[in-house]
Amino acid sequence: MTTPAPAPTPVHRTRTRTRTRPRLAALARRALWWSTLTLTGGVERRGRLPRGGCVVVANHSSHADTAALLAALDARHTPAIGAAADYWFASPWRRRICSRLASGFPVRRSGGGMDDLLAMAEGLRAGRAVVLFPEGTRGGDGTVGSFHRGALVLAEHAGVPVVPVGIAGTDRLLPKHGRFRSALIRVRIGAPLPPSVTPEQAREAVAALHARTNAEALRDSPLRRRAARLAGSRRGLALAFAWAFAEALSWPLMPELLLAALCAAAPRRAVPLSLTALAGSLVGSVLALQLAASGVHVPAPLTTERMRTEVRHELSAEGAAAVRHQPWNGIPFKVYAAQAGRAGVATGPWLGSAALSRGSRTLTVGVAFGGAALLARRWRRWYGVYAGLLAGGFAGGLGVIVASWA
């Protein structure tokens with residue numbers, strides 16, 4: 001007969017909780033910083049830390065480096081970040097921010113710093129990752145400075161490898177003496193180095209990773225950058241409003257084409273651009289309704305008589321609510337607005353129904369293309385190809401729709 005395994009003792013349960021809680025906290029920190037950096041331009045990682053404990057050494061050019069590493073490193077390593085005691089632990093609120101949001105531990109720069117580092121040896125042997133910036137301070141010229149020996153002494157004392165990491169993009173996201181702005185961050189994890197590595201060898205490994213990663217981060221489409229600048233400006237909002245306004249009257253190109261181009265270039269602008277385009281559509285449709293009710297005929301290129309006949313039947317049966325069919329049947333929004341005016345539909349009911357139906361499509365398109373762009377940000381240098389495929393696909397789709405309603 002098989003003897004059943006003994007139930008865990010309270011000591012076993014305590015050890016399990018002791019190991020689980022730091023990992024849950026590390027997982028929460030990773031989710032926090034990954035989400036934050038995704039909203040500010042995105043973060044990408046290449047490579048992985050080895051199994052077991054290790055000392056991570058990285059270049060340092062911005063306060064955002066810590067957030068980038070916490071977002072990129074696996075939570076199973078429960079990474080701890082070495083932070084300057086005279087800065088991050090000089091006041092209670094900074095100490096709380098550093099320890100709780102960054103899992104920081106103090107390292108003195110004016111004497112006693114080696115003791116602070118060696119105190120982390122037990123955690124390293126237990127499988128933890130200790131992250132250090134051996135330059136000691138943030139660089140300001142984009143180069144990797146000389147390394148102090150502390151990180152390497154800690155690795156040799158604990159008997160764990162040294163892992164070089166290159167970070168690029170943080171100096172554009174949060175410059176040392178500049179303003180915050182959106183930027184894509186790339187983190188590249190290199191091959192482990194032996195604990196006996198020299199400071200110069202470690203610096204060369206980090207510098208090579210940084211240069212390679214920075215070159216990748218700078219590869220971008222000039223067309224995408226111009227589109228992103230337009231999307232982030234007032235001119236971009238004005239263009240979205242004017243395009244949608246004109247399309248609700250006569251313009252044959254739907255505003256979703258513009259949204260697909262601009263939201264893919266600047267994903268964070270997807271919501272304001274979509275809302276602005278929706279406002280333009282609604283204002284233009286009200287004007288189209290009033291003009292049609294007054295007997296004014298506005299040209300409507302790329303529309304057919306069969307489209308107008310179908311819309312008249314829908315309006316006679318459903319009134320203003322008939323516009324709910326527009327996002328799915330391929331009939332332009334301006335046909336619904338003009339025919340609603342000729343059918344005597346009141347402005348209030350029309351505006352409510354149009355806001356619901358038009359808003360569902362406009363916002364869905366804008367947010368969908370913005371979200372897809374965030375996921376595909378590593379291929380943004382191919383934005384020109386995307387724009388060409390978008391224009392060709394739209395032209396082909398428009399031709400098919402017009403032909404089907406001919």
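A few points about this structure:
- Residue check, Trp88 loosely packed, with under 15 Cβ neighbours inside 10 Å and farther than 25 Å from Ala207 by Cα: no
- Set Tyr386, Tyr336: member being more than 20 Å from Arg226 (Cβ to Cβ), aromatic (Phe, Trp, Tyr) and part of a helix (DSSP H, G or I): Tyr336
- Only listed residue being over 29 Å from Leu184 (Cα atoms), in the same structural domain as Thr213 (by TED's automatic domain parsing) and out of contact with any strand residue (DSSP E or B) (no Cβ under 7 Å at 6 or more places or on another chain), chosen from Arg51, Arg108, Arg96, Arg138: Arg108
- Annotation for the range 46-56: no member residue is of a type outside the set (S, T, N, Q), assigned to a loop (DSSP other than H, G, I, E, B) and within 17 Å of the chain's Cα centre (by Cα).
- Of residues in the range 98-133 being among the β-branched types (Val, Ile, Thr) and under 20 Å from Ala28 (Cα atoms), the one farthest from the chain's Cα centre (by Cα): Val130
- Test: Gly344 is more than 33 Å from the chain's Cα centre (by Cα), modelled with pLDDT of 90 or more and not in a helix (DSSP H, G or I): yes
- Selection within the range 134-179 - under 22 Å from Thr213 (Cα atoms), outside any loop (DSSP other than H, G, I, E, B) and either under 27 Å from the mean Cα position of the chain (by Cα) or among the small types (Gly, Ala, Ser) (or both): Val163, Pro164, Val165, Gly166, Ile167, Ala168, Thr170, Asp171, Arg172, Leu173
- Close Cβ contacts (under 8 Å, 6 or more residues apart or on different chains) running from residues in the range 173-198 that are farther than 11 Å from Gly47 by Cβ and touching a residue at least 24 places away in the same chain (Cβ under 8 Å) to residues that are in a loop (DSSP other than H, G, I, E, B) and of a type in the set (D, E, K, R) comprise Leu173/Arg181; Lys176/Arg138.
- Sub-6 Å Cβ pairs linking a first residue in the range 392-406 that is touching a residue at least 60 places away in the same chain (Cβ under 8 Å) to a second residue that is not in a loop (DSSP other than H, G, I, E, B), at least 6 apart or interchain, are Phe394/Leu257; Trp405/Arg306; Trp405/Met307, ordered by first then second residue.
- Comparison of Arg312, Arg324 shows that the only residue that is surrounded by fewer than 19 Cβ atoms within 10 Å (Cβ to Cβ), assigned to a helix (DSSP H, G or I) and under 39 Å from the mean Cα position of the chain (by Cα) is Arg324.
- Within the option set Ala202, Ala207, Ala211, Ala227, being in the same structural domain as Val55 (by TED's automatic domain parsing) and either in contact with a Phe, Trp or Tyr (Cβ under 9 Å, 6 or more places away or on another chain) or closer than 15 Å to Val56 by Cβ (or both) holds for one residue only, Ala202.
- Residue match in the range 132-153 (condition: free of Cβ contacts under 8 Å to residues at least 60 places away in the same chain and among the hydrophobic types (A, V, I, L, M, F, W, C)): yes
- If you filter the range 180-199 down to residues that are part of a strand (DSSP E or B) and among the β-branched types (Val, Ile, Thr), you find that the one that is farthest from Glu216 (Cα to Cα) is Ile189.
- Only one entry of Ala129, Ala84, Ala102, Ala67 meets the criterion of being under 15 Å from Arg186 (Cα atoms) and outside the structural domain of Arg378 (by TED's automatic domain parsing), and that entry is Ala67.
The values are calculated or read from the model by the stated rules, or taken from the named source; none is laboratory data. Source: prediction; values computed, not measured. Counting neighbours? That spans all protein chains shown, and the Cβs are built from the backbone with ideal geometry, glycine included.
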